[in-house]
1. Measure off, as a whole percent, the carbon and sulfur share of the 1.4 Å-probe accessible area of region 538-670, all protein chains present.
2. I need the per residue convex hull volume for region 49-166, using only the alpha carbons, in cubic angstrom as a whole number.
3. As an exercise, take the mean of 1/r over every pair of distinct alpha carbons in region 731-793, invert it, and state the Kirkwood radius in angstroms.
4. What whole-number value in Å² describes the accessible area per residue of region 513-611 for a 1.4 Å probe?
5. Once phi is turned into θ = phi - 60°, what whole-Hz ³J(HN,Hα) does the Karplus curve with 6.51, -1.76 and 1.60 give for every residue of region 781-793, x standing for Gly and Pro?
6. What ³J(HN,Hα) values, in whole Hz, does the Karplus curve 6.51 cos²θ - 1.76 cosθ + 1.60 give for region 662-676 when θ = phi - 60°, with x put for Gly and Pro?
7. Looking at region 553-686, I'd like the Rg to Rh ratio, where Rg is from alpha-carbon atoms and Rh is Kirkwood's inverse mean 1/r.
8. Is the C-alpha gyration tensor of region 240-371 telling us rounded, prolate or oblate? Criteria: a/c under 1.5 is rounded; beyond that, a/b larger than b/c is prolate, otherwise oblate.
Amino acid sequence: MKERAPLPIAAALALAALWAALPLPAQTLDDARQLHRAGASREALAAYDRVAEERAATDPAAAAAARNNACVIHNGFGEYEEALRACEQALTLRRGLGDELRLARTLNNLAIPQQNLGDYDGARSSLLEALEINTRLDDPLARVLNLSNLGALATLRGRYGEALELHLEAGDLAAAHAEKPWSAEQRVVATINRGVVLERLGAFREALELYRGLVQAPPTDLTDRRRAQLKLNSGVIYRNLGDPVRAVREFEEVAAIFRELQDPDGLSNALLNLGLALHLDLERWPEAEAAYREALAIATRHDNRPEMIQDLFYLGHFLLERGRLAEAERMYERCLEVAEASGSTEGRWSALSGLGDIAAARGDLALAARRLGEAIDQIETVGAGLGEPSLAGGFFGEKRPVYAAAAQVEADRHRADPDGGHDERAFSIAQRAKARALLDALGDRRWIAAPLTAEELADGGTGRPLLEYFLAERDLLRWTLGPGGLEMSNLGPAAGITERTLRLYRLLEEGEAPPPELVGDLAADLLSGARLESVAPGGLHVAPDGLLDRLPFEMLPLTGEGAAALGDRFDVSYVPSASTLVWLRERRSRRGGPDPAAVALRGFAAPELPLDDKGSAIARIGERFSLPPLPAAAAGLETLALRIPGRRRLHTGGDANEDVFRATAPESARIVHLATHTVVDERPGRGAAVLLAPGAEHDGILEPREIAGLDHRARLTVLASCRSALESGSGGSLSALTGAFLAAGSEAVVATLWDVGDTATAAFMEQFYYRLGRGAEPAVALAETKRRLRRDRDWGAPHLWAGYVLVGEAPAVAPRRFPGPRAIGVGGLLIAAVLIALAWRLRPDRLSRRRE
């Protein structure tokens, strides 16, 4: 469950409520409006529906008004499918009436369900048409609200530069009509929306400064209620910045203001946030419990069911942590009752997961499995209806822990009953969790159906052996998939393994040599019992999980005295999950063979970024991440392009912009090479992005969900930039750029786990492209390059070669090239020998002695 923060779309809902109060032309409509104003929304909805049905033929204006107001109510309830139908019916009627004023209002209302159902293009079209009408009619308030909603939509689409500009325009327009009673409020809304965008960019301090400015505004410009809401949001930011003490002070002040204002909803929410800070951050147990219980009492007294569900869930979670199982069970059962009564699917899965945790704590594993399975079914019911991952923000906490708890229960049952099929059920849960993460991070892709079962994977076969890892609630689970079928191993408590993984990663990230005992311990943790020594050398897929995504498995020695490293025996590549690998292969099979007209290499290097334009989103990102220039990227790209036979299309400077990238993405290419900056913000709620030059239509900030929505026809995508393989803080196994490019259509992606110096990158890519150009498969070319560098005296340090990973599976990007023996006789053989020796001395495979 997430803390409440000001949402940009709130402006749209406020406008919808305003328009709902417009005079309607019949007494029955007046009655419905009175019900609506009195808060009897369900009764008003029924009245509006009756009017619309009865007046459709005789009074289309009344029917249109009724449908419009029904749309408003459905939006308020979050019933977006019903709202969409009602608004579309109202729009059809109003287009025939010639009343542009009301037509624009319905268009604005229509944008709300379109946006929340993931139809961003439709929502933008509706808002732009409304804005055009309101501009022509010279309605400044409607224009301000249209601009605000367009800015909110741009924020959801990750077009942060565009969003900032729209919110600035809305604020400026409101300021230009300072004499209007709505001006001050709309300036505040515009400023809050700018703060929301800055938060998305990770600029918490800048957002905080905006909020502080509003809090300190004169009382004539800011109501006490708005000031309290701003302080509440500031408190949430302080928690994100690691200052829970300051956050608690903010929440306490906000609670006092809402008490004085006699605002029960605001007070309940403030107390809930206070309880969260005291509980999760400061461990002040008695005070946290008191805040939770008071929040629940207020929400119950005023029948605020959404608040009740949140309060019951978190109070139950608190009591479960404290070992008070009977009390926690009562909270979760009551949470389930309220959720059932209000039709809250999110509340149902939250309560069911809590009841499953309680059953597991009592040792009733069968009941725990059933409850957690029901919770997962509810989660996926909600997920199936979300067209955009940002809509998952209303879920009560992260969904992944429910899958982790369910997998742990099945692993525990497997220990007691090895023949009960619990290992395969645990594997299925792991596959569902990883597939769920893909859907949440990237949106629903048509080529993803349901996760494959162990039996289906065994029937289809993955070709190469595969190691699948999953972090359950306590333990790390591993499945080995190979010719012998599927075998599960419980590798023991996950906490120690992930701690050692992070320690190794930090050493490599800092360019330090890890202690052999640390590497050996991780090998024992992760490879013991996999029996890879008996597998013939060749390809190996690894599907890591969580922090294991940061581990270059190639470094790990195979178990056994004097055993070689995993990367010396296998060509290691990575996949999000076993099921994903099968999906990728099925997609490749549907596409057929390679396109003979495909460009051999399309490259983007050294884009011109507006880092000096302090008002741009890219400039803010550049300041936050201290982005250095890329002077050698363009020349390096040209050198690499010479290694790949075929046509090349290279874009540098201003030409390396997002418009060009989007336009060329559908054109088949064997390799797409991006020598640009990438940024990855690993904090919760943040994201990753490829930075290109801004174009006429796009801001140059290319996020995973934008990438995933492209038709990216590349056999191999190379992200020659720092930390491009890491997940962002939004969570999920495919929140990284690598997953986005896979979802968009790339068959495989090469990326990096940490910052690699320019010299090392140039040397690595030179070796890698040399092998690609001679027809090696990407996995083989990458593995051979790592082995070559590892053996070299100057390049053998792991941090110089181990950070490059291949995610996915792709065939060769160039035809295999072998030397053609044309020499005749002894003279010809001598000439050939000389030429071969010369080629050996000059070939890229011979590394010069350069130190990083």
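1. On the way: 2870 of 5500 Å².
On region 538-670, the fraction of accessible area on carbon and sulfur atoms equals 52 percent.
2. Numbers: hull volume 10.7 nm³, N = 118.
Measuring per residue, one finds 91 Å³ for the Cα hull of region 49-166.
3. Values: mean 1/r = 0.0758 Å⁻¹.
One over the average 1/r among Cα pairs gives 13.2 Å for region 731-793.
4. 37
5. Once rounded to whole Hz, the list reads 4, 5, 5, 5, 5, 5, 5, 4, 5, 4, 7, 7, 4.
6. 5, 5, 8, 4, x, 6, 4, 9, 6, 9, 10, 10, 10, 9, 10
7. Details: Rg = 19.7 Å, Rh = 18.6 Å.
On the Cα set of region 553-686, Rg over Rh gives 1.06.
8. Details: a/c = 2.51, a/b = 1.49, b/c = 1.68.
Judged from the Cα gyration tensor, region 240-371 comes out oblate (a/c at least 1.5, b/c at or above a/b).
The values are calculated or read from the model by the stated rules, or taken from the named source; none is laboratory data. All values derive from a computational prediction rather than experimental measurement. Neighbour counts are summed over all protein chains in view; Cβ atoms, including those assigned to glycine, are modelled from backbone coordinates with ideal geometry. Calculation scope for accessible area: heavy atoms of the full protein, side chains included, ligands and nucleic acids excluded. Shrake-Rupley method; radii C 1.70, N 1.55, O 1.52, S 1.80 Å.
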